[in-house]
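The values are calculated or read from the model by the stated rules, or taken from the named source; none is laboratory data. The model shown is predicted, which means the values in this text are computed figures rather than measured ones. No Cβ is skipped: glycine too gets one built from the backbone with ideal geometry, and neighbour counts run over all protein chains shown. Quick note on the areas: whole protein, heavy atoms, side chains included, nothing else; ligands and nucleic acids left out. Shrake-Rupley method; radii C 1.70, N 1.55, O 1.52, S 1.80 Å.
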Amino acid sequence: MSGAASLSRLGLLRRLVRKELSEILRDRRTILTLVLMPLLLYPLLGVAFRTFLVSNMTPRGAPKYLIGVHPGGEGQSVMWYLHQGQKAIQERKTPDERTSEEASPEKPPPHEQPAPEIREQPCEDLEEEVSAGRVHVGIRVRPPGAFHPQNLARNLGVDWEILYAEDSSVGLEAVRYLETVCAAANVRFLSLRLRAFRVWQREVPVQPRPTMVRNSQPRKPALLPGLVPLILILMTITGAVYPAIDVTAGERERGTLEILAAAPVPRLDVLFAKYVAVFAVAMLTALVNLGTMTATLYLSGVGPMLFGAEGLTPLVFGQVLALLLLFAAFFSAVLLALTSFARSFKEAQAYLVPLMLLALMPGVLSLVPGLQLQGPLAIAPLINVALLTRDLLEGSAGAMTAVVVVTATLLYALAALALAARVFGAEAVLYSQPGGWADLFRRPRERSDAATPAAALLCAALLFPSSFVASALLAVLGGHSLTEALLGMAAANVLLFVGYPLVAAWWGRLRFSSALRLARPSWQAWAAALLLGLCLWPWVHELTLLMRALGFASLREGNLERVRDMLEQWRTLSPLLIVVAVAVVPAVVEELFFRGYLQSALLGVLRPRSAVLSSAALFALFHVILGSVLAVERFVPSLLLGVLLGWMCWRTGSVWPGMVLHALHNGCVALLGYYQPQLTELGWPMSETAHLPPVWLAAAMLGVVAGVAWVRYGASGGRQPPVAGSPGG
């Protein structure tokens with residue numbers, strides 16, 4: 001595609017986007033959702049939050065317990081003893097606590113609850129009064145009439161039977177308090193008796209004294225930060241629903257969609273313009289809601305109560321906005337895919353009501369206390385975004401989890417957009433012909449040379465969570481032998497990276513040779529792959545060290561120690577098993593998917609440079625996550641390696657040389673780690689943190705330059721022609 005044609009197409013896209021946005025923004029419902037609802041909703045929520053927080057932080061008055069006792073001297077003795085216990089509890093407090101209470105008796109410290117008040121109620125029938133709820137508890141002395149302070153001095157003990165109703169929570173609280181008071185009174189009485197007999201020892205040898213330590217960073221309320229993602233998701237969805245219906249089902253009902261489809265404009269351009277318009281409105285809605293919410297929190301004074309002394313910082317604001325961008329990108333594509341099926345505005349609304357209810361579920365789950373963003377929840381669509389937003393607001397989000405969530409959501413967004421393109425391009429959708437959901441899954445009648453981008457991106461979106469779950473399962477099964485673990489890892493790689501593209505190619509009636517780039521390459525391509533595979537790893541190693549030196553590192557010393565321990569265990573196995581499981585199998589299956597299936601599909605809609613770079617970026621994202629460890633420093637080396645592999649596949653027209661290059665590269669790294677002790681003894685020190693000798697790097701650079709030149713000028717004879725319709729033709 002020439003530069004002039006590219007500029008012309010960009011100008012056309014800009015005009016289409018401007019047209020769609022102007023039509024959407026003229027709708028009063030959009031303006032109502034975009035501007036008026038946030039301006040009315042968040043001030044009301046701010047007042048409600050403030051009222052809720054203030055009412056919960058205001059100390060309540062002292063609880064009052066009504067104690068039923070027998071009339072006469074016995075009841076008076078019981079109450080006297082309880083008051084002695086209350087005095088003993090008061091005397092145990094530190095001088096600072098007593099001073100604080102004396103200075104402000106009506107407002108105790110926030111961490112100190114007011115002492116309950118107990119009052120007596122003479123009763124003839126204690127059980128009847130307790131059962132009827134006229135007193136909270138009743139105290140019956142056993143044996144009757146035996147309790148008197150003088151009796152205690154003569155070392156005569158008694159029992160108190162404390163009665164409470166089985167359905168009375170206040171009565172149960174009163175029982176627990178009376179047990180504490182009686183224990184304090186007993187200790188006080190024992191102390192007085194020991195002093196009377198001149199026994200100078202503590203009445204209780206070990207006295208536990210709970211001491212509260214204030215948090216340097218007070219924790220935020222768990223409920224309200226969890227409520228924020230629910231509100232933002234609800235408002236973002238609401239802002240995107242009406243535009244999505246209007247630009248698809250609305251235009252179809254008005255008869256303008258058929259006219260637009262008949263115009264000399266590519267249908268994908270029309271869809272992309274509609275998607276950009278819906279996404280822009282969704283992001284405007286999210287931005288207005290987030291900004292209005294932030295302003296409301298600060299102006300109402302609720303921000304510090306919700307998010308600590310610093311409130312909602314600009315960094316957290318930006319992170320939440322970025323997550324909303326991902327959420328809006330994904331949900332806008334889903335909305336377009338669903339509304340494209342509808343033949344009327346009413347039918348589209350019927351489709352979207354269940355979807356909106358489903359989309360609210362992740363926000364509701366963010367309110368569940370103790371629900372952690374880990375395991376399958378990190379890759380669950382929408383749920384992961386809601387929980388990550390909650391963790392960001394609470395300040396507890398982890399880097400590894402955030403990368404998994406963002407990567408998964410990005411892949412889901414791409415797959416949803418590709419699905420929308422497939423639906424929008426159907427004749428039944430554009431021209432009101434009878435159609436149904438079965439059209440989406442119907443196998444094509446004719447064979448094709450490459451997969452559609454929709455199918456390829458859908459495979460990538462399914463592959464990422466599947467590989468994540470497979471890694472987690474292998475970690476759970478870590479109690480098995482190391483040989484079984486390696487074989488299980490290799491089997492999982494084959495099942496996922498080969499199974500998905502093969503099933504998709506069979507279902508899509510693809511020619512396997514062209515769709516997976518299985519053509520026979522020239523002998524120069526084989527030789528260049530051998531040379532690059534042997535010479536590339538030193539510079540990949542040095543680039544990884546450079547990334548760590550620049551601060552782009554997440555593998556700490558503890559992670560490196562685990563890597564060293566793993567290598568020690570590997571050295572007990574056969575090197576052939578290590579090379580096959582760790583080097584050969586991953587190289588073969590990854591090249592078959594990323595360069596064979598995915599890149600071939602992208603070449604149908606992108607220029608070769610963009611297709612190679614896109615497949616390399618996805619390849620690098622897959623290699624950043626090592627099981628449960630995040631290795632950020634691997635992204636750039638993996639990206640550059642993916643670019644070289646993709647370029648070689650495009651130049652040679654075959655995936656086989658890339659498999660050889662990839663396998664040799666992985667094999668060299670694995671064997672160098674395996675034989676590290678022997679190489680060190682020979683004077684060739686090898687370490688994952690040490691630089692290689694300059695001679696090695698110079699020789700490797702010569703080999704890389706020679707291999708690239710060989711591919712560029714001598715190994716491209718077998719290159720296949722671009723896929724039909726490719727912009728790179």
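Here's the yes/no breakdown for (1) part of a loop (DSSP other than H, G, I, E, B); (2) modelled with pLDDT of 80 or more; (3) of a type in the set (G, A, S):
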| site | (1), (2), (3) |
| --- | --- |
| M361 | no, no, no |
| L373 | yes, no, no |
| R390 | no, no, no |
| A421 | no, no, yes |
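Hey, among the residues in the stretch 390-413 that are over 8 Å from the mean Cα position of the chain (by Cα) and hydroxyl-bearing (S, T, Y), which one's surrounded by the most Cβ atoms within 10 Å (Cβ to Cβ)?
For the stretch 390-413, the residue satisfying everything is Y412.
Condition (residue is surrounded by fewer than 15 Cβ atoms within 10 Å (Cβ to Cβ), charged (D, E, K, R) and at pLDDT below 55) applied to the stretch 111-134: is it met by at least one residue?
yes
Report every pair of residues separated by at least 6 positions or lying on different chains whose Cβ atoms are under 6 Å apart, first residue within the stretch 668-680 and under 13 Å from L692 (Cβ atoms), second part of a helix (DSSP H, G or I) and small (G, A, S).
Partner pairs satisfying both residue conditions: none exist.
Determine if the stretch 499-516 includes at least one residue that is surrounded by fewer than 18 Cβ atoms within 10 Å (Cβ to Cβ) and in contact with a His (Cβ under 9 Å, 6 or more places away or on another chain). So that I can check it myself, show each step before the final result.
Narrowing the stretch 499-516 to residues surrounded by fewer than 18 Cβ atoms within 10 Å (Cβ to Cβ): 499, 502-503, 506-507, 509, 511-513.
From what's left, in contact with a His (Cβ under 9 Å, 6 or more places away or on another chain): none.
No; the residues of the stretch 499-516 include none that is surrounded by fewer than 18 Cβ atoms within 10 Å (Cβ to Cβ) and in contact with a His (Cβ under 9 Å, 6 or more places away or on another chain).
List the residue pairs whose Cβ atoms are under 9 Å apart, where the first residue sits in the stretch 565-588 and is over 30 Å from V655 (Cα atoms) and of a type in the set (D, E, K, R), the second is open to solvent by 30 Å² or more (accessible area, probe 1.4 Å) and modelled with pLDDT of 90 or more, and the two are 6 or more positions apart or on different chains.
none
Given the conditions (1) modelled with pLDDT of 85 or more; (2) surrounded by fewer than 21 Cβ atoms within 10 Å (Cβ to Cβ), and given that A601 satisfies all but one, which numbered condition is not satisfied?
Only one criterion in (1) modelled with pLDDT of 85 or more; (2) surrounded by fewer than 21 Cβ atoms within 10 Å (Cβ to Cβ) is unmet by A601, namely (2).
Where the second residue is of a type in the set (D, E, K, R) and exposed (fewer than 15 other Cβ atoms within 10 Å of the Cβ) and the first is closer than 11 Å to V130 by Cα and lies in the stretch 157-175, which pairs have Cβ atoms under 7 Å and are six or more apart or on separate chains?
L163/E127
So, restricting to helices (runs of 4 or more DSSP H) that lie completely within the stretch 245-305, which ones have at least 1 residues that are modelled with pLDDT of 70 or more?
On the way: elements: 251-254, 256-262, 267-300.
Helices (runs of 4 or more DSSP H) meeting the threshold: 251-254, 267-300.
Among the residues of the stretch 322-359, count how many are under 29 Å from G291 (Cα atoms) and open to solvent by 60 Å² or more (accessible area, probe 1.4 Å).
6
Step by step: first the residues of the stretch 623-634, then only those that are buried (at least 19 other Cβ atoms within 10 Å of the Cβ) and either within 15 Å of R595 (Cα to Cα) or not hydrophobic (A, V, I, L, M, F, W, C) (or both), then the one that is modelled with the highest pLDDT. Which residue is that?
R634
Collect the residues in the stretch 172-194 that are at pLDDT below 85 and either hydroxyl-bearing (S, T, Y) or farther than 21 Å from K87 by Cα (or both), keeping them in residue-number order.
If the condition is that a residue be at pLDDT below 85 and either hydroxyl-bearing (S, T, Y) or farther than 21 Å from K87 by Cα (or both), then L172, S191 are the ones that fit.
From K93, K87, which residue is within 48 Å of the chain's Cα centre (by Cα) and either modelled with pLDDT of 80 or more or not polar (S, T, N, Q) (or both)? Before the answer, list the steps.
Working: K87 fails: within 48 Å of the chain's Cα centre (by Cα).
Result: K93 is the single residue among K93, K87 that is within 48 Å of the chain's Cα centre (by Cα) and either modelled with pLDDT of 80 or more or not polar (S, T, N, Q) (or both).
Any residue at all in the stretch 480-498 that's at pLDDT below 80 and open to solvent by 80 Å² or more (accessible area, probe 1.4 Å)?
yes
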